[in-house]
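> First, the structure itself, so that you have it in front of you.
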Amino acid sequence: MDVLKFECPDYLITISTASVNYAWDRFVRRVRSAAQTYCAYSSSRKGTLKLRDLPAGKNELVAQNDEIVPCEEWPQLWPVLFETCKYQFAVEFKQGLDISIEKQYPHVRHQLKSIGENFKFYSSSSDSGILVGDIDFLNSPGKFSFAFDYWDTDGLLHHEKMELYVASPKLDTKNDLQQIMALINQEYENYIYDYLTLTFSSFALQRSVKNNHIIWLSIFRSVVDEYFRNVRFVMSRPNNKPVRKTYHARPERIRRWSQREEERYRNMGQDAEMHYFRYEQTENTINTRENRFVKYTLHVLGKKFREVFSELGTLPNVMDTEERQLLEDYQRQFKRLETSPFFQKVGEFEGFRQESAILQQRMGYSKIYKAWLMLKKSLELVDGKTDIGMKQIWELYEIWCFLVMKRLIAKVLELDLQKPDNHVREDKSKMLNTIVKSEMTHIIEFDNVKNGDKVCLEYQHTYNRRTKEFSTTTTEQRPDIVVTIKKKDGFVLTYLYDAKYRVQDDARDGELDEGVSIDVADYPLPDAINQMHRYRDAIYYSMKTEVRPSAKEIIGGYILFPGRVVGDEIYGRYFYQSIRKVNIGAFPLLPATKENEDDIIQCDLLERHLREILLEDSVYEHVKDSIPQKGLVYGTENVFVLAVDRDAYDDYEHNRFSIEIPLDINKGMFKIDSIDYFMFIVENASEGYYRVTNSRLRIKDDKLVLALSLTDYQSFGFGFKEVAECDTKTIVSLRDLLNVR
């Protein structure tokens, strides 16, 4: 379906997608009455804008201005672009194109290289054609600038642009997202900003002592062209200052004499022509305070730009070629202006003793001074005119969930984060590189002053075979948030939380409870819940057996998702009831409304959960409520392992494929076809095991032997593991040890 059309005399822009009806319905339920006036549209050319009539539910495009009166701006309209949809853009050029060479074909201009590569031009005649391509806005709500260039038959290059808005059916990007960004910016200033993004947001400027490279570059891009233009204007019409200079010359070269030197000349008589005489002359100089200031800005801004540009060079090859060439051109212009003969005659800037009227009022100088002040500022999280890229919304949601956990834990433990008093410990010195993509890891420790427990909150903790207390026998596991509670007796409780911002069609892809309308509830993805099962299966507690509850891993797994709930209906949701049953489930998590900012989040279920796990005195109450991780997926049948003393075999070696074991039927009996695994033991411990593929009895040297066919040897990977034997001393049930299905 077509959702937008814009037509001007030279071209027609058409944006289409499969369907936006469901996304629109979800969006309306998010923002209510604000949906019809949520965003604005603008174009670099005057023309007619038509939007799909989503508010009326009609399958037709409605003009937003009279064709007789073309417009450039259309404020307070409804969105037709949503981050859940993939769109096709088509620019149909009517006539007047210069496409004589391929280099002059119309092309899309975007700082992301992949966006431009998605579009291709097809000619329909010698001076017309169509430019088409696809854009997927997944996880990228915000403003989108659709820019393209083309050459006309008169040899003129046209830079065209249309600004659109991409809305989210999952979050209110003008309220929920603003609160998420504000909280993150409060903890990690400027972390939310990013470079080379699909969409962007607009913010106002504010005075700040901190300013990272992304903010600086965004402001720089908005003022640099005018800055260079005004520097050249100043060089052509500089501010001069008259100065009186003293010279000495022979009489014939002096035009104006002072009275004193004139009398001296008369007194010398005929010898006067052989002497030099002093005279003064008024000259204009460009070595003024204002010109020294302009030279100073060139030096400081050029140095800053070179620093930022060198950092951009470490990015992957995702920057558009034209974007990189533009930045390289800025670098060349800085160098050319700094080394110009004009500024060679200007001295070093030493500051102003008083305000300069020339800097504030004179043409050229005032614009340079304004750009200088703007580049010294930071951004304020309010609507403004400075466009800057934002990190993808799923990444912001993850960080926000971590910070919410930090505040909720402090609230439950009654600790003041503003006055930690050594009861809250974190290293805030490890700040992030905001341009180079980096994985953030952070640890915060809390003291539970009520019962003496130590609580550790970690962001993106890694579990692998090398970790000491917790480990995984499979691949590396990296849950978003981990809470560990260390009891006074040394026992550790672990809870995993995964923040999942996944915008999906709940009615089609989710698992709704019977009779539930999506108007009143949001649901996490079933795959996200299943991932928590996989986490708990892969991560186990590696305490020694004698101090660890039998067959219990004290690990709960929970999904944090941007869902809204109404009233008490949440208690009947399957993802909440499963927390009580198997300690795996989900908590809806969105910012509280502005009227209830002190509540931090809308739904208090997560806070209640934290009160239970943090303020519970008895470890075994947690153990009682925790389901063994392997019990979640395995059946109840026994797994039998035949364990024999390794010292009895001189030819012991790993990776063997068969073994013969002498049997004494007088010491006991067992079913040979029930043996699933075989292992060697040394002092009641083992390094690994074999899977038994076949077992049979045979006579060898007049003795009864058990012949086993084995698969490849499987090592535990971390040394010997203790084995608990049963009464027969030969057959053991090692289901938990082997971790097999």
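The values are calculated or read from the model by the stated rules, or taken from the named source; none is laboratory data. Here the structure is a predicted model, which is why all the values come from computation and not from measurement. Positions of Cβ are generated from backbone atoms using ideal geometry, with glycine treated the same way; all protein chains shown enter the neighbour counts.
> Check C603 against each of (1) over 23 Å from E569 (Cα atoms); (2) modelled with pLDDT of 60 or more; (3) part of a loop (DSSP other than H, G, I, E, B) and name the one condition it does not meet.
(1)
> Among the residues of region 330-342, how many are closer than 18 Å to K304 by Cβ and in contact (Cβ under 8 Å) with a residue 24 or more places away in the chain?
Qualifying residue count for the region: 7.
> Is there a residue in region 128-140 that is among the small types (G, A, S), under 26 Å from L177 (Cβ atoms), buried (at least 17 other Cβ atoms within 10 Å of the Cβ) and at pLDDT below 95?
yes
> Here's another thing I want to ask about it. Can you tell which of P79, P70 is under 30 Å from D154 (Cα atoms) and either in contact with a Leu (Cβ under 7 Å, 6 or more places away or on another chain) or not hydrophobic (A, V, I, L, M, F, W, C) (or both)? First the steps, then the outcome.
Numbers: P79 fails: under 30 Å from D154 (Cα atoms).
From the options P79, P70, the qualifying one is P70.
> With the requirement that a residue be closer than 12 Å to I529 by Cβ and in contact (Cβ under 8 Å) with a residue 40 or more places away in the chain, what does region 565-582 give you?
Hits for region 565-582 are R573, Y574, F575, S578, V582.
> Do you know which residues across region 217-249 are touching a helix residue (DSSP H, G or I) at 6+ places or on another chain (Cβ under 7 Å) and either without any contact (Cβ under 8 Å) to a residue 60 or more places away in the chain or not in a helix (DSSP H, G or I) (or both)?
We begin by selecting, within region 217-249, every residue touching a helix residue (DSSP H, G or I) at 6+ places or on another chain (Cβ under 7 Å); these are 217, 219-220, 223-224, 226-228, 230-231, 234-235, 238-239.
Correct list: P238, N239.
> Being among the hydrophobic types (A, V, I, L, M, F, W, C), loosely packed, with under 15 Cβ neighbours inside 10 Å and in contact with a Cys (Cβ under 8 Å, 6 or more places away or on another chain) is the requirement here; does A63 meet it?
Numbers: among the hydrophobic types (A, V, I, L, M, F, W, C): yes; loosely packed, with under 15 Cβ neighbours inside 10 Å: yes; in contact with a Cys (Cβ under 8 Å, 6 or more places away or on another chain): no.
So A63 fails the test.
> Which residues, taken from region 76-104, are outside any strand (DSSP E or B) and surrounded by fewer than 19 Cβ atoms within 10 Å (Cβ to Cβ)? Before you say what the answer is, go through the steps one by one.
First pass over region 76-104, keeping only residues outside any strand (DSSP E or B): 78-80, 83-85, 94-96, 98-104.
Residues satisfying the conditions are K94, Q95, G96, D98, S100, I101, E102, K103, Q104.
> On the basis of being over 30 Å from D136 (Cβ atoms), part of a loop (DSSP other than H, G, I, E, B) and at pLDDT 60 or above, does G567 make the cut? Working first, answer last.
Working: over 30 Å from D136 (Cβ atoms): yes; part of a loop (DSSP other than H, G, I, E, B): yes; at pLDDT 60 or above: yes.
Considered against the rule, which asks whether it is over 30 Å from D136 (Cβ atoms), part of a loop (DSSP other than H, G, I, E, B) and at pLDDT 60 or above, G567 comes out as yes.
> Applying the selection to region 55-70, what residues are outside any loop (DSSP other than H, G, I, E, B) and either outside the structural domain of F27 (by TED's automatic domain parsing) or of a type outside the set (G, A, S) (or both)? Before you say what the answer is, go through the steps one by one.
Our first condition is that a residue be outside any loop (DSSP other than H, G, I, E, B); within region 55-70, this holds for 61-63.
Those that are outside any loop (DSSP other than H, G, I, E, B) and either outside the structural domain of F27 (by TED's automatic domain parsing) or of a type outside the set (G, A, S) (or both): L61, V62.
> Please go through region 644-689 and pick out each residue that is modelled with pLDDT of 80 or more, in a loop (DSSP other than H, G, I, E, B) and not hydrophobic (A, V, I, L, M, F, W, C).
D676
> S429 versus (1) of a type in the set (S, T, N, Q); (2) modelled with pLDDT of 70 or more; (3) not in a helix (DSSP H, G or I): which is the lone unmet condition?
(2)
> Regarding K50, is this residue exposed (fewer than 14 other Cβ atoms within 10 Å of the Cβ) and under 25 Å from A18 (Cβ atoms)?
On the way: exposed (fewer than 14 other Cβ atoms within 10 Å of the Cβ): no; under 25 Å from A18 (Cβ atoms): yes.
Judged against the criteria, K50 is not a match.
> All but one of (1) farther than 30 Å from S356 by Cβ; (2) in a strand (DSSP E or B) hold for R264, so report the exception by its number.
All conditions are met except number (2).
> So which residues in region 137-177 are under 26 Å from Q602 (Cβ atoms) and of a type in the set (S, T, Y), if there are any at all? Lay out the reasoning, then the answer.
Of the residues in region 137-177, the ones under 26 Å from Q602 (Cβ atoms) are 137-142, 165-177.
Once the filter is applied, which keeps residues that are under 26 Å from Q602 (Cβ atoms) and of a type in the set (S, T, Y), region 137-177 yields S140, Y165, S168, T173.
A quick yes/no check of all residues on (1) modelled with pLDDT of 75 or more; (2) outside any loop (DSSP other than H, G, I, E, B); (3) under 27 Å from the mean Cα position of the chain (by Cα):
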{"position": "Y540", "(1), (2), (3)": "no, yes, no"}
{"position": "S550", "(1), (2), (3)": "no, no, no"}
{"position": "E553", "(1), (2), (3)": "no, no, no"}
{"position": "G557", "(1), (2), (3)": "yes, yes, yes"}
{"position": "S578", "(1), (2), (3)": "yes, yes, no"}
{"position": "K581", "(1), (2), (3)": "yes, yes, no"}
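Table: residues versus (1) outside the structural domain of K304 (by TED's automatic domain parsing); (2) closer than 23 Å to A147 by Cβ; (3) loosely packed, with under 14 Cβ neighbours inside 10 Å; (4) in contact with a Cys (Cβ under 7 Å, 6 or more places away or on another chain).
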{"position": "R324", "(1), (2), (3), (4)": "no, yes, no, no"}
{"position": "V346", "(1), (2), (3), (4)": "no, no, no, no"}
{"position": "E350", "(1), (2), (3), (4)": "no, no, yes, no"}
{"position": "R362", "(1), (2), (3), (4)": "no, no, no, no"}
{"position": "W372", "(1), (2), (3), (4)": "no, no, no, no"}
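> Being more than 28 Å from the chain's Cα centre (by Cα) and either of a type in the set (S, T, N, Q) or in the same structural domain as L138 (by TED's automatic domain parsing) (or both): is that true of E117 here? Walk me through it before giving the result.
Numbers: more than 28 Å from the chain's Cα centre (by Cα): no; either of a type in the set (S, T, N, Q) or in the same structural domain as L138 (by TED's automatic domain parsing) (or both): yes.
When the stated conditions are applied, E117 does not pass them.
> Given the residues L396, L417, which is the only one that is at pLDDT 80 or above and crowded, with 20+ Cβ neighbours inside 10 Å? Working first, answer last.
Numbers: L417 fails: crowded, with 20+ Cβ neighbours inside 10 Å.
Residue meeting the stated conditions: L396.
> Another one. Is it the case that H299 is outside the structural domain of F220 (by TED's automatic domain parsing) and surrounded by 11 or more Cβ atoms within 10 Å (Cβ to Cβ)?
Values: outside the structural domain of F220 (by TED's automatic domain parsing): no; surrounded by 11 or more Cβ atoms within 10 Å (Cβ to Cβ): yes.
Judged against the criteria, H299 is not a match.
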